[in-house]
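> This is the structure I want to talk about, given as structure tokens.
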Amino acid sequence: MGSVVLTGATSAILGSEIIVMGGLSTYNLGSNAGIDVVIELGAHFQNERLFIEYQSKVKASEKEMVNIVPQVQQANNLIKQLRGKLDDEKKKKFTELFELYKQKSAHHKLVTEKFEELKTSRFNQEQINIVVKGAAYPGAVIKYRRQVEKISVMQSAFMMSFLPGQESAPMTAINTKKK
């Protein structure tokens with residue numbers, strides 16, 4: 001959920017896919033072999049999974065609401081026409097329909113609110129840095145939301161800062177030599 005920090009001159013991320021909510025720091029990213037390394041920054045993998053799940057729940061709930069709303073409107077119109085003078089059988093039927101509508105409406109509201117919350121909570125809203133103190137090799141891919149940064153040639157000692165809403169993250173050289 002937080003950041004991944006690998007220390008030491010031999011630390012490396014080789015041939016894997018890492019999803020991290022915070023930043024990442026390592027000595028080497030990838031290898032001379034060109035094995036794919038995918039780093040996804042600023043993503044909460046559990047909330048992403050829940051977002052997809054709730055997306056389908058909202059669609060299903062909307063379908064249920066589309067089916068029940070006309071029935072409720074029809075019942076309301078009938079009650080108005082009869083000026084509230086209903087026999088016991090119709091009263092019971094309409095009461096059950098209104099209760100079902102209340103339940104479905106409350107469920108729809110709950111599911112929709114959770115979905116809206118997950119839209120933003122699946123991403124980190126703060127600045128995220130990736131720091132490579134040694135080298136990043138071709139085959140390394142850094143993802144941040146819709147940004148995809150592919151390393152096509154070896155890059156030595158750099159840092160990238162990602163912010164929500166920016167087009168692309170600048171790659172800034174860093175000095176790793178101790179004074």
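> Tell me, Ser152, Ser31, Ser168 in order of fewest to most beta-carbon neighbours within 10 Å?
Numbers: Ser152 8, Ser31 17, Ser168 11.
So the ranking, lowest neighbour count to highest, is Ser152, Ser168, Ser31.
> Also: Could you please rank Arg83, Arg49, Arg145, Arg122, placing first whichever residue has the fewest other Cβ atoms within 10 Å of its Cβ? It would help to have the intermediate numbers written out before the result.
Values: Arg83 7, Arg49 12, Arg145 17, Arg122 20.
So the ranking, lowest neighbour count to highest, is Arg83, Arg49, Arg145, Arg122.
> Could you work out how much longer the chain between Val58 and Glu96 gets when fully extended? Use 0.36 nm per residue separation minus the Cα distance between them, nm to one decimal. The partial results should precede the final answer.
Values: separation 38, 0.36 × 38 = 13.68 nm, distance 2.35 nm.
Length gained, Val58 through Glu96: 11.3 nm.
> At 0.36 nm per residue, minus the direct Cα-Cα distance, what do Gln46 and Thr176 gain on full extension? Give it in nm, one decimal, please. Before the final figure, lay out each step's value.
Numbers: separation 130, 0.36 × 130 = 46.80 nm, distance 3.47 nm.
Going from the current span to full extension adds 43.3 nm.
> Roughly how many debye, to the nearest 20, is the charge dipole of the chain about its Cα centre, given +1 on each Lys and Arg Cβ, -1 on each Asp and Glu Cβ, and no other charges? Display every interim value, and only then the final one.
Values: 25 positive and 18 negative charges, 82 e Å.
For the chain, the charge dipole is close to 400 debye.
Any read-out appearing in this document is the output of simple, stated calculations on the displayed coordinates, not a laboratory observation. Please read all numbers here as calculations on a predicted model, not as lab measurements. Cβ: placed from backbone, ideal geometry, glycine included. Neighbour counts: every protein chain shown.
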